[in-house]
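Inspection log for the structure reproduced underneath, given as C-alpha cells.
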Amino acid sequence: MAAFDFNETQPPSQPVQLAVAVVEEIAAVRVDLEERLGPGVTSFERIEDVLPRLNGSPVVVVLGPSCSSADVLATVERSLNGRPDVGAVLVADELSTTVLQLALRSGVKDVLTLQGDTLQIVEAIERVGSGLSTRTGPGPAAAAPATIGSDDGGLGRVTTVFSTKGGSGKSVLATNLAVVLAERAEGPVCLVDADLQFGDVAVMMKLAPTHTIVDAVSSIEQLDTSLLESLLSTHQASGLRVLPAPLEPAFADQIGAAEMVKIVEVLRRFCSHVVIDTPAYFNDVVLGLVEVSDDVLLVAGMDIPNIKNVKIGLQTLRLLNTPMEKLRLILNRANSKVKLDIGGVERTLQVTADALIPSDVVVPQSVNKGVPFVHSHPKSGVAKAVRALADKLTDSEAESRRKRG
Ligand SMILES: Nc1ncnc2c1ncn2[C@@H]1O[C@H](COP(=O)(O)OP(=O)(O)O)[C@@H](O)[C@H]1O
Ligand SMILES: [Mg+2]
C-alpha cells in the first residue's frame, strides 16, 4: 500500500495512489491495526478527524472495533455520503448480524473480524480501493450540468424513480415510462434496475438476462460505452435497453455508489434517456443516483402510511440539499375510490403532484404477464397517465435545451 501525505495535493500526472486511514479510539487496538497493515497507514481517533485531511484522492478508511456502534456508524454514513473518493471497511470484534446490517446500511463496504487473517483485511482494502474514484469538485452534485440528447454528443437525461415505501409502484412506473420513452427517443433509452437485492424489472418485462449490473461492476475499471452496451439486454417489443439487477441478492453488497454512478455516467454518454428503478430505502447507492439525476420521480401511493413515508423522504432529500426543482411527485392509485383528497395530500407534502396515476386492475395483470401495460392495454387510463408523464419529462428536456441555446 502506498504511503500518502494527507495534506499534499497530488500532481495529476502521477498514478492514483491508495491511501489508508485507520480510525480507532482505543490506542492499543489502533497501534495493533497500524502494525498489521504496515507502513503508509495514517491513524485517527475519530472519523470526523479524517475528512478535513482529504484532498480528493482515493482513501480507504479502516474502521476499528470502537466504530461498531450505531452512533459512530451514523457519523460514518454522513461522512461517506457523496464521497466517491472514500470507501470504508469495518474491522469488528465479532461478526453479528446487527453489526453487519448497521455497517452495510451506513455505506461500509465490507466487515471483517479483528481476530481474522490480516491478509483478508488487506484484500478488502484493495477491493474497496479499486472501486473508488478521484473527487474533482465538492461532490457528484457539483458535476457539470448535463446537456441533453446524444445526437449532439451531449449527455442523456437521467430520471430516477424513487419512493420510501415498498409496493408503491416504482417498478411498474419505471418500466412503463422507460418503454414509452424508448419508443419516442431518437437515441437508445436504458432502464437500470438499481433495486440491487430484489430487483424485478427483468421479470416484469419477461427478459432472461445473460448479464447484470454485477458484470458491469466487475469490469468497472475498463467500463466504456461499447463494453457496457454489450452487457445490456433488449426488450424486443420496444427496443428498450435494460441493465438488470443482480440475480442473487447477496451480490448487492459488492456494489457501491461510486460504481453505480459510473455506470450511469457511461450510459448517458450514448443513451438519450436513462431511467433508474430503486429500492424502497435510502442508502449510499440511491443517494449517489439521486445526485446525478436530472429528475427524481417520488412515487407515493394514496394511503396515509405512504404519504407519511414520502414526507420523511422529502425531508431527508431536503436535508441532503437535493435541489427541489429535480423532484416530481407522482401520486399512484389516485382515484376517488381511495377517499384521500389529492389537494390535501399536496398541502401536507407542500409539493404539487406532477402526475396522477389511477389504480387499475390491468397493472397487476400486465405484471403477471410480463408485458408492460402501455403495450398490453395502451388505451387504459394508466397507460394514458404514463404517456402524459413522459410528455412532461420530454417537454422539460426540450425546455432546458432551448435555454442552453
Ligand atoms: N396504479 C396501479 N394500479 C393497480 N395496481 C398497481 C398500481 N401500481 C402498482 N400496482 C401494483 O402494486 C404492486 C407493487 O408495484 P411495484 O411497482 O412492484 O412497487 P415497488 O417497485 O414500488 O415496490 C404490483 O403488483 C403492481 O401490480
Ligand atoms: Mg420495485
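Laboratory data are not the source of any read-out in this text; all were calculated from the coordinates shown. Everything numeric here is computed off the predicted structure, so don't read it as measured data. For neighbour counting, all protein chains shown are included, and Cβ atoms are generated from backbone atoms with ideal geometry for every residue, glycine included.
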If I model a spin label at residue 384 and residue 227 as a point 7 Å from the Cα along the Cα→Cβ vector, what separation in nanometres do I get? 4.8 nm
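If packing is taken as the mean number of other Cβ atoms within 10 Å per residue, what is the order of 57-66, 111-120, highest first? Please report the intermediate quantities before stating the final value.
Details: 57-66: 23.4, 111-120: 14.2.
The densest-packed peptide leads the list: 57-66, 111-120.
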Degrees, to the nearest 10: 257-270 long Cα axis against longest axis of the chain: 50 degrees
Calculated SAXS-style log₁₀ I(q)/I(0) at q = 0.14 Å⁻¹ - region 262-361, Debye, Cα scatterers: -0.58
Helix-derived [θ] at 222 nm for the chain: sum -39500 (n - 2.57) over DSSP H runs of at least 4, divide by residue count, nearest 500? -12000 deg cm²/dmol
Relative packing of 32-41, 240-249, 176-185, which averages over residues the other C-beta atoms within 10 Å, highest first: 176-185, 240-249, 32-41
Compute the long axis of helix 304-319 from its Cα atoms, compare it with the longest principal axis of the Cα atoms of the chain, and write down the angle in degrees, 0 to 90, nearest 10. 50 degrees
Using a Debye calculation, one point per C-alpha and no hydration shell, please list log10 I(q)/I(0) for region 192-317 at q = 0.09, 0.17 Å⁻¹ in order. -0.26, -0.90
So, with points 7 Å from each Cα along the Cβ direction, the residue 391-residue 376 label distance in nm works out to 2.5 nm
For region 188-219 and region 266-337, what is the centre-to-centre distance using only Cα atoms, to the nearest Å? 19 Å
Collect residues whose amide H, placed 1.01 Å from N in the peptide plane, falls under 5 Å from the amide H of residue 111; neighbours closer than 5 in sequence don't count. 90
Residue (of 358, 312, 89) at the positive-pole extreme of the chain, dipole from beta-carbon charges: 358
Among bridges DSSP assigns within the chain, what percent are antiparallel (round to 5)? 5 percent
Which one of 290, 107, 348 is farthest out on the positive end of the charge dipole of the chain, using unit charges on Cβ (Lys, Arg +1; Asp, Glu -1) and the Cα centre as origin? 348
Kirkwood Rh and Cα Rg combined as Rg/Rh, region 151-200: 1.02
So which of 165/339; 109/170; 262/384; 109/262; 262/369 end up more than 22 Å apart by C-alpha? 109/170; 262/384; 262/369
What is the Å³ per residue value for the convex hull set by the Cα atoms of the chain? 146 Å³
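If you wrap a convex hull around the Cα atoms of region 19-130, how much volume per residue is inside, in Å³?
88 Å³
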